1. Can you tell which of Ile29, Ile15 is of a type outside the set (S, T, N, Q), surrounded by fewer than 21 Cβ atoms within 10 Å (Cβ to Cβ) and within 18 Å of Leu70 (Cβ to Cβ)?
2. Give the residues of the range 148-173 that are more than 17 Å from Met3 (Cβ to Cβ), loosely packed, with under 14 Cβ neighbours inside 10 Å and either modelled with pLDDT under 95 or among the acidic types (Asp, Glu) (or both), sorted by residue number.
3. Of all residues in the range 147-161, which are touching a strand residue (DSSP E or B) at 6+ places or on another chain (Cβ under 8 Å) and within 16 Å of Glu30 (Cα to Cα)?
4. I'm trying to understand the selection: among the residues of the range 119-129, which are within 21 Å of Asn14 (Cβ to Cβ) and not in a loop (DSSP other than H, G, I, E, B)?
5. Looking at Ser90 and the list (1) of a type in the set (Ser, Thr, Tyr); (2) closer than 22 Å to Pro157 by Cα; (3) surrounded by fewer than 23 Cβ atoms within 10 Å (Cβ to Cβ), which single condition is not satisfied?
6. On the basis of being over 21 Å from Val147 (Cα atoms) and in contact with a His (Cβ under 8 Å, 6 or more places away or on another chain), does Asp80 make the cut?
7. Is at least one residue of the range 138-147 of a type outside the set (Phe, Trp, Tyr), surrounded by fewer than 16 Cβ atoms within 10 Å (Cβ to Cβ) and more than 25 Å from Lys49 (Cα to Cα)?
Amino acid sequence: MKMKGQRVLMFVDNIFEDMELLYPYYRLIEEGAEVVVAGPEAGAVYTGKNGYPFKSNAAIADQQADDFDLIVIAGGFAPDKLRRDPKVLSLTREIFEAGKVMAHICHGGWIPISAGIMKGFTCTSTPGIKDDLINAGATWVDEEVVVDRNQISARKPDDLPAFCRAIIEAATK
């Protein structure tokens, strides 16, 4: 239980990428972390793009960055909606600027782009947001997982094992 005592923030909204939310959620719990999955409403059920339901255990509006040790942002199309919420952006920015781990996979990179924190970082993502990351000042590479300082990124569900290993390693340094 390498992450015992650590608190992880994840976001959820409809059309999240099912595996990119569920795999890290259960993997980090398995390592002893407390994982808070916040949605627009606490206790609401959100549906992934492949049909899996997930019930949020908190409301985004009620969260404080100081309460978390790291943030993990799943992909799918939910990040495009979530990045319009100023609270999502401030939580992401505050956790990241505090030097805590900020991890994103696939389309999850849309949130740190909108939070204005990608400039000068090397990262990866789905090729679908490659131009967005470059335009935000990041250097994009096509690799399974990229660790650049306190940022971890991955491309797609196939990268989840390496993505979670990198998160656990970074969180337990």
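1. Ile29
2. Within the range 148-173, just Asp158 meets the criteria.
3. Passing the criteria: only Leu160.
4. Once the filter is applied, which keeps residues that are within 21 Å of Asn14 (Cβ to Cβ) and not in a loop (DSSP other than H, G, I, E, B), the range 119-129 yields Gly128, Ile129.
5. The failed condition is (2).
6. Yes.
7. yes
A quick yes/no check of all residues on (1) in contact with a strand residue (DSSP E or B) (Cβ under 9 Å, 6 or more places away or on another chain); (2) within 24 Å of Lys173 (Cβ to Cβ); (3) in contact (Cβ under 8 Å) with a residue 40 or more places away in the chain:
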{"residue": "Lys2", "(1), (2), (3)": "no, yes, yes"}
{"residue": "Met10", "(1), (2), (3)": "yes, yes, yes"}
{"residue": "Asp13", "(1), (2), (3)": "yes, no, yes"}
{"residue": "Glu20", "(1), (2), (3)": "yes, yes, yes"}
{"residue": "Pro24", "(1), (2), (3)": "yes, yes, yes"}
{"residue": "Glu34", "(1), (2), (3)": "yes, yes, no"}
{"residue": "Thr47", "(1), (2), (3)": "yes, no, no"}
{"residue": "Ala58", "(1), (2), (3)": "yes, no, no"}
{"residue": "Val72", "(1), (2), (3)": "yes, yes, yes"}
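The values are calculated or read from the model by the stated rules, or taken from the named source; none is laboratory data. The structure presented is a predicted model; accordingly, all values stated were derived computationally and were not measured. Counting neighbours? That spans all protein chains shown, and the Cβs are built from the backbone with ideal geometry, glycine included.
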